[in-house]
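These notes are about the structure you will find just below.
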Amino acid sequence: MNFDGDFAMSIGGRTVATAATLPVVNPATGKAFAAAPDCGPEQLDDAVAAARAAFPAWRDLGPDGRSVLLKQAGDLLAAQAGPLKALLTREQGKPLDEAAAEVMGAAYWLKSFARMEIPVAVGQSIPGQRTETHQVPLGVVGAIAPWNFPLLLAFWKIAPALKAGNTVVVKPSPFTPLATLKAVELLQSVLPPGVLNAVSGGDELGPWLTGHPGIDKISFTGSTATGRRVMASAADRLKRITLELGGNDAAIVLPDIDVEAMAPKIFWSAFRNSGQICVATKRLYIHADIYDRLAAALVAQAARLPMGDGTVPGTRLGPVQNRRQFERVQEIVEDCRRQGHRFLCGGAIDGAQDGYFVPVTLVDDPPEASRVVQEEAFGPILPLLKFHDIDEAVARANECEYGLGGSVWSGDPARAQAVAQRLETGTVWINDVQALSPTVAFAGHKQSGIGVENGLDGLLEYCVPRTIVIPTVPPADTEH
Ligand code: NAD
C-alpha cells in the first residue's frame, strides 16, 4: 500500500476516489502536502447502503466470529505502525513517538474489544417464566472523529461498534483524514465488504451523515457546540447518540506534594500534544504555600523543551494542528495581554514563521473570570491559579459548564481521594492524568457529553436490549 498518496475512501470493500478533493495541510509547515477525497451526497448514500447491506451477515456472525476478525484487524494495524505513524505526524503535527503510540493504541482498542464479553442477563422474577435479556446491535453507526487524536478516537468508536455487531461509516475531521483513510483501507483485507466504510469531506459531510435516514446511531467526539448540532439532527428519527465533548479540566495541587518530583508530570498533564487533549489540565489550581516554587519549576521545564516539526528526532512538542485553532489560541493570548495578565513564559507568537507554533505559555494567576480560565483554549497555554483553602479550590473547579476530567495532586492519596470525590467530572485522576483504558468507563458530566465510551458501559452504547420471556411450564399445564 502506498501511504504517501492515492488517498481514497473505502465503500463496500472497494477504494473510491472522488473528482473533487480537499487539501490536507502539514501544520509544521502551513503547506498542503496531500489531497483527500471530498465525498458528495451520492457517495455517502453508497457508503450507508453498503453498511446496511453488510449488517445482517455481520450481526449473525456472532460475537465470537467477530472477535476473531477484530483481533486480526488489530494485528494488521500494529504491523503497519511505521508508515501510519509517519502519515499521522505529517497531518496532525505530533512527534513521531506519540504518533506511534496512537497507532498502537488503536490496535490495542480493537484487540481489547475483541476480548470483551457481551453479557446476557437471565432472570426468574416473573412467576412461571424465565427472562433472557440479550444485547443486540443497533444497525449502522456513523462515527465522527476530531483532529487531535484522529486515529485513536475513531477506533474508540469502531472497535466497540463492530464488536457489538453493528456496521460502521466513519468520518474523520477534514483537517486529519489521511491516517484514518489508510487504516480503514488496510482493514478491508480482513473485514467483510461494507462492515467498515470510511468517507472524507468538507464541512457539509458531518451534517449529511448525522441527518442520513440510513444511520441508526451517531457516535461523535468533538466540541460541545458541534455536539449540540449533532443531538438536534439525531432527534428527528430518535437516533441513538454518544457525545464526547469539550472539557476545561482543573488540576488541584495540595501543599504536601514533592514539588520538584511532581513538576514534570504536572507540566505534561497540560502540554502533551501541545495542549490539544480533551482531558488536558486546562486550569491549574495551586495552593498558595507552594505556588511560587511550582511555578518556577514549570517555567524551568518549559525552557528545556524542543518544539518543532514532529518528524525531526528529539522534538517533544509539535505545532497547533490547524490555522483556525492557531488563531483561536492567539486570540486568547492577545486577550491576556490586553487584560494585563502576566506571562511567566511564552506569550509571544511569531506570526511570520511557517507552521502553527505557539510557545508554551504560562499565565500568572489571572482572575477567575478571565477568558484564559473560563474557555477551553485547546493549545499550549495554561493559567496558574492560587488558592488558600481546599473548599475554595473545589468550588472554583466545579464552577464550570464542563465536567469531563480533573486531577488532584497530593503526597497523601487518601486526602486526595476525599477531594476527588467532590469534583463534578466523569474521571478524576490522583497524581496522574489521561490514564485511559478500553475496559474503564469514560464519560462527560454536564456539557462534556452524553453517554459513555470504553468499558462494558461503552460497549453497551452500541447495543439495544431485547428481552425474551420464556415459559418454564409446558403449554399443556397452562391450558384451562
Ligand atoms: P469539532 O466539533 O469542530 O469537529 C469534530 C468533528 O465533527 C469533525 O469531524 C467535524 O468535521 C465534524 N463536524 C463539524 N460540524 C458538524 C456537524 N454540524 N455535524 C456533524 N459533524 C460535524 O471539534 P474539533 O475542533 O475537531 O475537536 C476539538 C474539540 O473536541 C475540543 O472541544 C475537545 O475538547 C473535543 N474533544 C473531546 C474528546 C472527548 O473524548 N470528550 C476527545 C477529543 C476532543
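Is it true that Ser173 is under 22 Å from Ala78 (Cβ atoms) and surrounded by fewer than 24 Cβ atoms within 10 Å (Cβ to Cβ)? No, not satisfied. Reported count of residues in the stretch 397-415, each being under 24 Å from Val259 (Cα atoms) and surrounded by fewer than 22 Cβ atoms within 10 Å (Cβ to Cβ), is 5. In the condition set (1) in a loop (DSSP other than H, G, I, E, B); (2) more than 16 Å from the ligand (Cβ to nearest atom); (3) closer than 27 Å to Tyr402 by Cβ, Ile252 is compliant with all but (1).
Among the listed residues Val320, Val329, Val358, Val259, which satisfies the condition of being more than 25 Å from Leu96 (Cβ to Cβ) and in contact (Cβ under 8 Å) with a residue 12 or more places away in the chain? Exactly one residue qualifies, and that residue is Val259.
In this structure, does Gly142 turn out to be part of a strand (DSSP E or B), in contact (Cβ under 8 Å) with a residue 40 or more places away in the chain, on the phi < 0 side of the Ramachandran plot and within 18 Å of the chain's Cα centre (by Cα)? Reasoning before the result, please.
Details: part of a strand (DSSP E or B): yes; in contact (Cβ under 8 Å) with a residue 40 or more places away in the chain: yes; on the phi < 0 side of the Ramachandran plot: yes; within 18 Å of the chain's Cα centre (by Cα): yes.
Taking the combined requirement at face value, the residue satisfies it.
Can you confirm whether Val320 is in a loop (DSSP other than H, G, I, E, B), within 26 Å of the chain's Cα centre (by Cα) and within 16 Å of the ligand (Cβ to nearest atom)? Here the answer is yes, as Val320 does meet what is asked.
Across the stretch 202-215, which residue is farthest from the ligand (Cβ to nearest atom) among those that are over 25 Å from Val25 (Cα atoms) and touching a residue at least 60 places away in the same chain (Cβ under 8 Å)? Don't jump to the end; show me each part of the working.
Just the residues of the stretch 202-215 that are over 25 Å from Val25 (Cα atoms), to begin with: 210-215.
When the remaining residues are screened for being touching a residue at least 60 places away in the same chain (Cβ under 8 Å), the result is 210, 212, 214-215.
On the way: Thr210: 5, His212: 11, Gly214: 16, Ile215: 11 Å.
By that ranking, first place goes to Gly214.
Within the stretch 225-249, restricting attention to residues that are among the polar types (S, T, N, Q) and out of contact with any strand residue (DSSP E or B) (no Cβ under 7 Å at 6 or more places or on another chain), which residue is farthest from the ligand (Cβ to nearest atom)? Quick ask: steps written out before the conclusion?
Filtering the stretch 225-249 down to residues among the polar types (S, T, N, Q) leaves 226, 233, 242, 248.
Adding the requirement that they be out of contact with any strand residue (DSSP E or B) (no Cβ under 7 Å at 6 or more places or on another chain) leaves 226, 233.
Working: Thr226: 3, Ser233: 6 Å.
Checking each candidate, the answer is Ser233.
The set of residues from the stretch 79-100 being surrounded by 17 or more Cβ atoms within 10 Å (Cβ to Cβ), assigned to a helix (DSSP H, G or I) and not acidic (Asp, Glu) comprises Ala81, Leu84, Lys85, Ala86, Leu87, Leu88, Thr89, Arg90, Gln92, Leu96, Ala99, Ala100.
Is it true that some residue in the stretch 432-447 is farther than 30 Å from Glu102 by Cα, surrounded by fewer than 22 Cβ atoms within 10 Å (Cβ to Cβ) and either of a type in the set (Lys, Arg) or within 16 Å of the ligand (Cβ to nearest atom) (or both)? Looking through the stretch 432-447, none of the residues is farther than 30 Å from Glu102 by Cα, surrounded by fewer than 22 Cβ atoms within 10 Å (Cβ to Cβ) and either of a type in the set (Lys, Arg) or within 16 Å of the ligand (Cβ to nearest atom) (or both).
A quick yes/no check of all residues on (1) buried (at least 19 other Cβ atoms within 10 Å of the Cβ); (2) touching a Gly at 6+ places or on another chain (Cβ under 8 Å); (3) under 23 Å from Val195 (Cβ atoms):
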| residue | (1), (2), (3) |
| --- | --- |
| Ala47 | yes, yes, yes |
| Ala53 | no, yes, yes |
| Leu77 | yes, no, yes |
| Glu117 | no, no, yes |
| Val120 | no, no, no |
| Leu153 | yes, no, yes |
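Checking each residue in the stretch 12-25 for being in a strand (DSSP E or B) and touching a Pro at 6+ places or on another chain (Cβ under 9 Å) picks out Arg14, Val16, Thr21, Leu22, Val24. Once the stretch 146-164 is narrowed to residues that are more than 18 Å from Gly455 (Cβ to Cβ) and touching a strand residue (DSSP E or B) at 6+ places or on another chain (Cβ under 6 Å), the residue that is farthest from the ligand (Cβ to nearest atom) is Ala154. Restricting attention to the stretch 5-35, the residues that are in contact (Cβ under 8 Å) with a residue 60 or more places away in the chain and farther than 25 Å from Thr167 by Cα total 10.
The residue that is farthest from Val141 (Cα to Cα), among those in the stretch 26-64 that are of a type in the set (S, T, N, Q) and not in a loop (DSSP other than H, G, I, E, B), is Asn26.
Could you please let me know if Ala418 is more than 20 Å from His287 (Cα to Cα), more than 13 Å from the ligand (Cβ to nearest atom) and without any contact (Cβ under 8 Å) to a residue 12 or more places away in the chain? In short, no. Scanning the stretch 283-317 for residues that are part of a loop (DSSP other than H, G, I, E, B) and of a type in the set (Ser, Thr, Tyr) yields Thr311, Thr315. Residue check: Gln374 meets all listed conditions (1) without any contact (Cβ under 8 Å) to a residue 60 or more places away in the chain; (2) within 16 Å of the ligand (Cβ to nearest atom) but one, namely (1).
How many of the residues making up the stretch 182-201 are within 17 Å of Leu151 (Cα to Cα) and either near the ligand (Cβ under 9 Å from one of its atoms) or of a type in the set (S, T, N, Q) (or both)?
Filtering the stretch 182-201 for residues within 17 Å of Leu151 (Cα to Cα) gives 182-188, 196-201.
With the extra rule that they be either near the ligand (Cβ under 9 Å from one of its atoms) or of a type in the set (S, T, N, Q) (or both), the set shrinks to 188, 197, 200-201.
Residues in the stretch 182-201 being within 17 Å of Leu151 (Cα to Cα) and either near the ligand (Cβ under 9 Å from one of its atoms) or of a type in the set (S, T, N, Q) (or both): 4 in total.
Could you tell me whether any residue of the stretch 211-224 is surrounded by fewer than 20 Cβ atoms within 10 Å (Cβ to Cβ) and aliphatic (A, V, I, L, M)? Looking for residues that are surrounded by fewer than 20 Cβ atoms within 10 Å (Cβ to Cβ) and aliphatic (A, V, I, L, M), one finds none in the stretch 211-224, hence no.
In the stretch 216-242, the residues that are farther than 11 Å from Val141 by Cβ form Cβ pairs under 7 Å with partners that are at pLDDT 95 or above and more than 10 Å from the ligand (Cβ to nearest atom), at six or more places apart or across chains, as follows: Thr224/Gln447; Val230/Ile241; Met231/Ile241; Ala234/Ile241; Arg237/Pro213.
The values are calculated or read from the model by the stated rules, or taken from the named source; none is laboratory data. As the structure is a prediction and not an experimental result, all values here were calculated from the model. All Cβ positions, glycine included, derive from the backbone under ideal geometry; neighbour counts span all protein chains shown.
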